[in-house]
Structure formats: structure tokens, C-alpha cells
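One structure is given here, and the rest of the page talks about it.
Please treat every number below as a calculation from the coordinates, not as lab data. The model shown is predicted, which means the values in this text are computed figures rather than measured ones. Positions of Cβ are generated from backbone atoms using ideal geometry, with glycine treated the same way; all protein chains shown enter the neighbour counts.
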Amino acid sequence: LEKKILIAYYTHSNNTEKLAKAIQNKTGGVLHKITLKTPYPSGRSISDQAKKEIDAGFKPELVSKLDDAETYDVVFVGSPNWWYTIAPPVTTFLSENDFAGKVVVPFYTHGGGGAGSIEEDIAKLCEGAKIQVGLSVYGDGFNDAQIDTWLKKVI
Ligand SMILES: Cc1cc2nc3c(=O)[nH]c(=O)nc-3n(C[C@H](O)[C@H](O)[C@H](O)COP(=O)(O)O)c2cc1C
């Protein structure tokens, strides 16, 4: 039986979206863009707002709920690295959905800081899921072979 695959991601400046689309292209999964009801400001003030939200454990409200979470076998979860962890919209998304019993695969983009605690932080919010090794990409600097090698390991 074919595995049913979801690729859920948040992006602010499109690097993570490019990676999500590349993963979608190779897996044939369903893309789900995590979208905020109240978008972040553009410009520098986003940095302070993000830090405050992360420190407070704030979960910003999303535009829509995933209504078929239980139908997927594999869930790719994508985020930019924000202050060494996942962006708050991804925290909201993982808190709203129960992925117990599913395979969860992190992927993320960063500005030089690498993984931070992203993989552990996703795992904490996906109790009962099987967490696979994540894909870490600097900016939008991924290539085909890198994604292929990783996908062979994780699904
Ligand atoms: C609020 C904020 C905080 C960030 N914190 C980090 C960080 O701690 N480490 C890092 O390597 N990059 C950090 N970055 C850079 C982003 O992770 C990087 O540009 C990423 O590719 C952006 O993904 P996106 O284009 O999908 O939004 C931060 C960016 C923003 C906007």
C-alpha cells in the first residue's frame, strides 16, 4: 500500500518553502503551508517579536486547521531556525495535531546556526510518533542528491 505523505511547513522568507516544494516533488505528498492569522511584521522587528514569543511559549493562531491529520502515514514538518528552535507557528501546528503512531520527519533551513534544538523540540511536540533524522539546509542551498540520500533513509 502506498504511504500517504503530508509536508507541512512554515516559511517567512521562502527558503523553507522551496525545500518543502522539492520534497513534495520527490515524494508526491500533500503540501500544507502553515499560515498565521496575523502575519509577522516585515523588517527587523520580527526578530524581537519571535524571541518574546518563543520565550513565552506563545502559540500564534493559524488561519486553518488540518482536518485530515489522521489519514497520513508520514508527516514532514518544516521550519526555519528561529532563535535555535522552531518558529512559533510550527509550535501551534504540532500542538493542534496528534501525530502519535505516525512517522514524523523534520526539515529546516537556517542562517548558519544549524539545527539548534529543532529536532528535539519537534519530537517533544509529537508524543508517540516515530521521529526520523532531519534535513538541515543553510538558506536555500540544498541540492537534489542531498534530498534523495536523506529520503532513502527516512521513508
Ligand atoms: C526571527 C528570526 C530568527 C532567526 N534565528 C536564527 C538562528 O537562531 N539561527 C540561524 O542559523 N538562523 C536564524 N534565522 C535565519 C533563518 O533561519 C534563515 O534565514 C531561514 O532560512 C529562513 O527560512 P524561511 O525563508 O523559510 O523563512 C532567523 C531568522 C529570523 C527571521
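Local charge for Pro80 was computed over the other residues whose Cβ lies under 12 Å away, with Lys and Arg +1 and Asp and Glu -1, and equals -1.
In a fully extended conformation the segment linking Asp55 and Tyr84 would gain 9.3 nm over its present Cα-Cα distance, using 0.36 nm per residue.
The Ala145 and Glu2 beta-carbon pair, evaluated with R₀ = 25 Å, returns a calculated FRET efficiency of approximately 0.55. Compared with the dominant principal axis of the Cα atoms in the chain, helix 15-27 is inclined by about 10°.
Taking a ≥ b ≥ c as the square roots of the eigenvalues of the alpha carbon gyration tensor, the stretch 85-155 is oblate, as a/c is not under 1.5 and a/b does not beat b/c.
Full extension from Lys153 to Glu120: what is 0.36 nm times the residue separation minus their Cα-Cα distance, to one decimal in nm? Could the numbers behind the result be given before it?
Numbers: separation 33, 0.36 × 33 = 11.88 nm, distance 1.85 nm.
Result for the pair: 10.0 nm of gain on full extension.
If you sort the three axes of the alpha carbon gyration tensor as a ≥ b ≥ c, you get a/c of 1.5 or more for the stretch 1-106 and a/b above b/c, which makes it prolate. The slack between Ser47 and Ser95, meaning 0.36 nm per residue of separation minus the straight C-alpha distance, is 15.0 nm. Against the chain, whose longest principal axis comes from its Cα atoms, helix 144-154 is set at around 70 degrees.
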